[in-house]
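These notes concern the structure reproduced below.
The values are calculated or read from the model by the stated rules, or taken from the named source; none is laboratory data. Not measured: the values here are computed from a predicted model. Positions of Cβ are backbone-derived with ideal geometry, glycine not excepted, and every protein chain shown enters the neighbour counts.
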Amino acid sequence: MRVMVLVKANEESEAGVMPTSDELNEMGKFNDELVKAGIMLAADGLSSSAQGKRVRFDTKGGSTVIDGPFAETKELVAGFWVWEVASLEEAVEWLKRSPFRDTEVEIRRVSELADFGEAFTPEMQAKEQALRDQVAAKQK
């Protein structure tokens with residue numbers, strides 16, 4: 001199963017404070033472990049919400065663009081991983097080995113095509129798989 005591990009933002013990350021060399025080194029060691037174990041599929045940090053935008057859609061299909069920064073730091077994401085694990089429990093065990101201190105990190109299962117049920121017809125599934133194959137080929 002794939003999971004997304006969402007690292008929550010805090011006041012420092014929102015202020016654009018970058019990790020120290022020691023913190024980066026510690027995280028690099030953890031990332032090395034994830035790669036060697038075949039767990040990590042993707043990972044990146046995100047710039048602060050001050051550099052972001054939100055797009056709010058109304059019920060009639062219109063949209064409004066909202067410039068950052070966004071007020072609720074606890075609702076923001078500072079970085080992420082995508083991991084391939086056997087279970088949520090395995091993801092939790094890996095995350096417990098991370099060098100994080102005084103923060104909150106969320107783990108959520110990535111939906112698979114089969115999760116969408118009968119409404120997601122075989123034709124739609126084939127088209128979605130073709131798109132995924134194109135993306136994968138572009139990344140090589």
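Tabulated data
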item	result
Scan of region 74-99 for residues that are over 14 Å from M4 (Cα atoms) and surrounded by fewer than 16 Cβ atoms within 10 Å (Cβ to Cβ), ordered by number	K74, E75, E93, K96, R97, P99
The one condition in (1) in contact (Cβ under 8 Å) with a residue 40 or more places away in the chain; (2) under 17 Å from the mean Cα position of the chain (by Cα) that E23 fails to fulfil	(2)
Matching residues in region 100-129 - criterion: being within 15 Å of R2 (Cβ to Cβ), modelled with pLDDT of 90 or more and among the small types (G, A, S)	S111
Residue match in region 54-76 (condition: in contact (Cβ under 8 Å) with a residue 60 or more places away in the chain and outside any helix (DSSP H, G or I))	yes
From the options V35, V82, residue that is modelled with pLDDT of 95 or more and either touching a Pro at 6+ places or on another chain (Cβ under 7 Å) or part of a strand (DSSP E or B) (or both)	V82
Number of positions in region 3-34 that are among the basic types (K, R) and closer than 28 Å to G68 by Cβ	1
Among the residues listed as A71, A91, the single one being assigned by TED's automatic domain parsing to the domain that holds M40, small (G, A, S) and within 25 Å of K29 (Cβ to Cβ)	A91
Positions within region 39-53 being touching a residue at least 40 places away in the same chain (Cβ under 8 Å), outside any strand (DSSP E or B) and within 23 Å of R97 (Cα to Cα), in sequence order	I39
Search result, residues across region 81-138 that are β-branched (V, I, T) and within 30 Å of D22 (Cβ to Cβ)	V82, V85, V92, T103, V105, I107
